[in-house]
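Peer 1: Below is the structure I would like to discuss, written out as structure tokens.
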Amino acid sequence: MKALKSLLAAALAFAFVAVASAQTTIHITGSTAFRKAAHQAIGNILNTGYTVGYSGTDLTKASQAVFSGTTKTGNYSVVIKTSWSGSAGGVQAVSQQSPVITVATWLQTGLTGSGLTGPYDAPAAAEVAFSDAYQASTAFTGTGFTTLHDTVVGVVPFVWTKGSSNDATVQASLANVTNMTPLIARLILSAGSPLSILTGTSSDSGVYVYPLGRDEDSGTRIDAFAEPGFGVFGSPIQYQPTIAGGVITSITAWPANTVNGISFPVGHSGYSSGGTLATALNTPVDSAARDTFGDKIALIAYFGVNDAASVNGGSNNLTYNGVAYSATAVAEGKYTFWSYEHLMYAPTFSGTAKTVADQIGTQISTVDGTASGVLLSSMNVSRTVEGGVIIHN
């Protein structure tokens, strides 16, 4: 009897190992602007009963997540891990040939619930990246980088968003800032601008508008620079605010920074995520704050639409060239501040992992793209590069 029980136990253990070994693990990184749609799509391709664990309190904004379950199509047993950094970093992680890029923040398999801060797997390479930009619009193309397979899965829109001030006079003037144009965007990114340029009121010239922005890892940055013709590799002067007591008391040019192994000078870099940028811009400028010339300060920044909603509930968003963002305005070509969302992987990527990655891409392109942008099927216009000419399909 004991021998039979031992044999049964061994058989069950073997079966468990066989099931575990049949699980396919997929690592996904890249665009923070499209993570809401990606996480939603992952959940929707899995059968009921899947488990999920994630950082933070909101899965749609989580920097890391781990899904475990079986797919509705094919019944594949999968563990899908996400660790979002930025579009350019995602492209680098999947395309760089040597040294191979590894990501250190993959949540361990089996974790469930919210607010997770680990434990993490040993650093591992990503197989899939989401990007708000074509690979050619990043620094990670050509010699030393694999040309990635690229599937366009959606359209990701962006907005310019103004900050607020505790100075009543400045706040009243900011109420008159409603629109952004390409030429004003280029001016603000390169040197800042008197508020009067945005309001058309000469008395506002004693207030200076400075840009907050994203770092060089960001696809949102690539598109914000491409759209007005500033150039995806242009050199801005972006700022870092000092926050104390719930207000912004001063600003300085963003410190010199190293991003994705590349060094950048003072003023060039910015926030590593749209969420932290939104938190900063949602903080009012103190009435006593002044720049180095003694002028009052106002702030402005660019966002994906999901992150912009965290700044005064989206009420501080500006029109672009006189057109307010809406899915219809994007689809018809009236609102031009948008780019394609890309799902990328190496040409050698294959098997169940590739099949499931493609299922995620299809789910986004046909259903869940609306969580972060506009469905491809609704687009009546197209373009071939970020900031490029828009043509009717």
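The values are calculated or read from the model by the stated rules, or taken from the named source; none is laboratory data. The structure presented is a predicted model; accordingly, all values stated were derived computationally and were not measured. Using ideal geometry, Cβ is built from the backbone for each residue, glycine included, and neighbour counts are taken over all protein chains shown.
Peer 1: Out of all the residues in the range 158-174, is one or more in a loop (DSSP other than H, G, I, E, B), under 24 Å from ASP307 (Cα atoms) and outside the structural domain of VAL232 (by TED's automatic domain parsing)?
Peer 2: Scanning the range 158-174 turns up no residue that is in a loop (DSSP other than H, G, I, E, B), under 24 Å from ASP307 (Cα atoms) and outside the structural domain of VAL232 (by TED's automatic domain parsing).
Peer 1: Which members of the range 66-103 meet the condition of being in contact with a helix residue (DSSP H, G or I) (Cβ under 7 Å, 6 or more places away or on another chain) and over 19 Å from TYR345 (Cβ atoms)?
Peer 2: Across the range 66-103, the qualifying residues are LYS72, SER77.
Peer 1: Out of all the residues in the range 42-58, which are part of a helix (DSSP H, G or I) and closer than 19 Å to SER85 by Cβ?
Peer 2: ILE42
Peer 1: Considering GLY275, GLY229, GLY261, which residue is under 23 Å from ALA139 (Cα atoms), modelled with pLDDT under 95 and out of contact with any Leu (no Cβ under 8 Å at 6 or more places or on another chain)?
Peer 2: GLY261
Peer 1: If the Cβ limit is 6 Å and pairs must be 6+ apart or interchain, which residue in the range 63-90 that is on the phi > 0 side of the Ramachandran plot and free of Cβ contacts under 8 Å to residues at least 12 places away in the same chain pairs with which residue that is polar (S, T, N, Q) and buried (at least 19 other Cβ atoms within 10 Å of the Cβ)?
Peer 2: Close Cβ pairs satisfying both conditions: none exist.
Peer 1: Sticking with this one: Which one of the conditions (1) surrounded by fewer than 16 Cβ atoms within 10 Å (Cβ to Cβ); (2) closer than 20 Å to VAL153 by Cβ does VAL389 fail to meet, given that it meets all the rest?
Peer 2: (2)
Peer 1: Looking at the structure I just gave you, is GLY333 over 20 Å from ARG383 (Cα atoms), surrounded by fewer than 21 Cβ atoms within 10 Å (Cβ to Cβ), out of contact with any Phe, Trp or Tyr (no Cβ under 9 Å at 6 or more places or on another chain) and at pLDDT 95 or above?
Peer 2: Here the answer is no, as GLY333 does not meet what is asked.
Peer 1: Another one. Among the residues of the range 56-78, count how many are of a type in the set (Val, Ile, Thr), buried (at least 21 other Cβ atoms within 10 Å of the Cβ) and within 26 Å of GLY275 (Cβ to Cβ).
Peer 2: Within the range 56-78, residues that are of a type in the set (Val, Ile, Thr), buried (at least 21 other Cβ atoms within 10 Å of the Cβ) and within 26 Å of GLY275 (Cβ to Cβ) number 1.
Peer 1: Could you grab me the full set of residues in the range 59-112 that are part of a helix (DSSP H, G or I) and touching a His at 6+ places or on another chain (Cβ under 8 Å)? Spell out the reasoning first.
Peer 2: Initially, the range 59-112 is screened for residues part of a helix (DSSP H, G or I), giving 59-61, 87-95.
The answer is LEU59, THR60.
Peer 1: Moving on. Inspect the range 340-362 for any residue being under 30 Å from THR199 (Cβ atoms), out of contact with any His (no Cβ under 9 Å at 6 or more places or on another chain) and in contact (Cβ under 8 Å) with a residue 12 or more places away in the chain and give the result as yes or no.
Peer 2: No, that holds for no residue.
Peer 1: Turning to a different aspect of this structure: Tell me, please, whether a residue that is among the hydrophobic types (A, V, I, L, M, F, W, C), in a loop (DSSP other than H, G, I, E, B) and either without any contact (Cβ under 8 Å) to a residue 12 or more places away in the chain or closer than 21 Å to VAL156 by Cα (or both) can be found in the range 205-222.
Peer 2: Taking every residue of the range 205-222 in turn, at least one turns out to be among the hydrophobic types (A, V, I, L, M, F, W, C), in a loop (DSSP other than H, G, I, E, B) and either without any contact (Cβ under 8 Å) to a residue 12 or more places away in the chain or closer than 21 Å to VAL156 by Cα (or both).
Peer 1: Of the residues that sit in the range 240-259 and are among the hydroxyl-bearing types (Ser, Thr, Tyr) and touching a residue at least 12 places away in the same chain (Cβ under 8 Å), which one is surrounded by the fewest Cβ atoms within 10 Å (Cβ to Cβ)? It would help to see each step written out before you state the result.
Peer 2: Of all residues in the range 240-259, those among the hydroxyl-bearing types (Ser, Thr, Tyr) come to 242, 249-250, 252, 258.
Retained after the next criterion (residues that are touching a residue at least 12 places away in the same chain (Cβ under 8 Å)): 249-250, 252.
Working: THR249: 15, SER250: 18, THR252: 13.
Residue satisfying both the conditions and the ranking: THR252.
Peer 1: Could you pull out the residue among PRO241, PRO228 that is in the same structural domain as LYS162 (by TED's automatic domain parsing), farther than 24 Å from VAL94 by Cβ and assigned to a loop (DSSP other than H, G, I, E, B)?
Peer 2: Matching residue, one of PRO241, PRO228: PRO228.
Peer 1: Only one residue in THR143, THR147 is more than 17 Å from ILE28 (Cα to Cα), in a loop (DSSP other than H, G, I, E, B) and either touching a residue at least 24 places away in the same chain (Cβ under 8 Å) or in contact with a helix residue (DSSP H, G or I) (Cβ under 8 Å, 6 or more places away or on another chain) (or both), so which one is that?
Peer 2: THR147
Peer 1: Which residues, taken from the range 122-169, are closer than 26 Å to TRP106 by Cβ and acidic (Asp, Glu)?
Peer 2: Scanning the range 122-169 gives GLU127, ASP132, ASP150.
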